[in-house]
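Below: one structure, written as structure tokens.
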Amino acid sequence: MSFNNLDTLYRQVIMDHYKSPRNKGTLDGSVLIAEMNNPSCGDRIEVYVHINDDEVIEDIKFDGEGCSISMASASMMTQAIKGQKVEDALKMSELFSQMMMGEDIDPGSLELGDIEALQGVSQFPARINCATLGWKTMERTVHENN
Ligand code: ZN
């Protein structure tokens with residue numbers, strides 16, 4: 001894999017999320033759960049979501065195992081959508097997919113933050129599924145259970 005070709009700064013951000021994942025673990029109580037796998041890489045991600053009466057993602061955690069890109073992206077995903085309305089979280093996920101497909105997105109439409117570090121992954125088609133797995137799992141969690 002050509003991950004080493006990614007910009008050094010971006011690689012540091014990705015490795016930071018991989019080594020110190022945000023919101024990793026499980027949630028108890030009335031939560032929504034879904035799990036997805038990425039067989040080509042061995043990534044496995046579970047997403048736990050607690051949505052309140054105002055359709056706000058009050059809490060979110062992910063668990064699982066996989067490569068640095070899948071884990072870092074899931075960590076960034078939880079960081080980005082915690083506290084967001086469900087519809088806004090789904091919108092962000094769609095924009096993230098478009099970004100991974102190399103499409104131009106309106107720079108103001110997605111609050112990138114650390115997610116910017118993953119932009120270079122779009123150059124490596126074999127890794128795109130790694131980067132989108134956590135987001136797709138979040139989408140499934142919300143859709144299948146809501
Ligand atoms: Zn992977």
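Structural remarks
- Complete set of residues in region 54-89 that are open to solvent by 40 Å² or more (accessible area, probe 1.4 Å) and away from the ligand (no atom under 16 Å from the Cβ): 54, 55, 58, 59, 61, 79, 82, 83, 84, 85, 87, 88
- Of all residues in region 118-146, those satisfying the criterion of being farther than 28 Å from residue 51 by Cβ, within 13 Å of the ligand (Cβ to nearest atom) and touching a residue at least 60 places away in the same chain (Cβ under 8 Å) are 121, 124, 126, 127.
- The residues listed here are 115, 33, 51; of these, the one that is more than 16 Å from the ligand (Cβ to nearest atom) and open to solvent by 40 Å² or more (accessible area, probe 1.4 Å) is 33.
- Number of the condition not met by residue 42 [criteria: (1) open to solvent by 70 Å² or more (accessible area, probe 1.4 Å); (2) within 16 Å of the ligand (Cβ to nearest atom); (3) at positive phi]: (1)
- Hey, residue 101 of a type in the set (A, V, I, L, M), modelled with pLDDT under 95 and either open to solvent by 80 Å² or more (accessible area, probe 1.4 Å) or within 16 Å of the ligand (Cβ to nearest atom) (or both) or not: yes
- Residues located in region 92-112, provided they are over 13 Å from the mean Cα position of the chain (by Cα) and not β-branched (Val, Ile, Thr): 98, 101, 102, 103, 104, 106, 107, 108, 109, 110, 111
- Any chance residue 30 is within 20 Å of residue 115 (Cα to Cα) and of a type in the set (S, T, N, Q): no
- Residue in region 32-44 that is in a helix (DSSP H, G or I), closer than 14 Å to residue 135 by Cα and touching a residue at least 12 places away in the same chain (Cβ under 8 Å) present: no
- For region 118-146, taking the residues that are among the polar types (S, T, N, Q) and buried (at least 16 other Cβ atoms within 10 Å of the Cβ), the one that is farthest from the chain's Cα centre (by Cα) is identified as 122.
- For region 1-18, taking the residues that are charged (D, E, K, R) and away from the ligand (no atom under 16 Å from the Cβ), the one that is nearest to residue 136 (Cα to Cα) is identified as 16.
The values are calculated or read from the model by the stated rules, or taken from the named source; none is laboratory data. Not measured: the values here are computed from a predicted model. Note that each Cβ is placed from the backbone with ideal geometry, even for glycine, and that neighbours are counted across all protein chains shown. Accessible surface areas use protein heavy atoms only, side chains included; no ligands, DNA or RNA. Shrake-Rupley method; radii C 1.70, N 1.55, O 1.52, S 1.80 Å.
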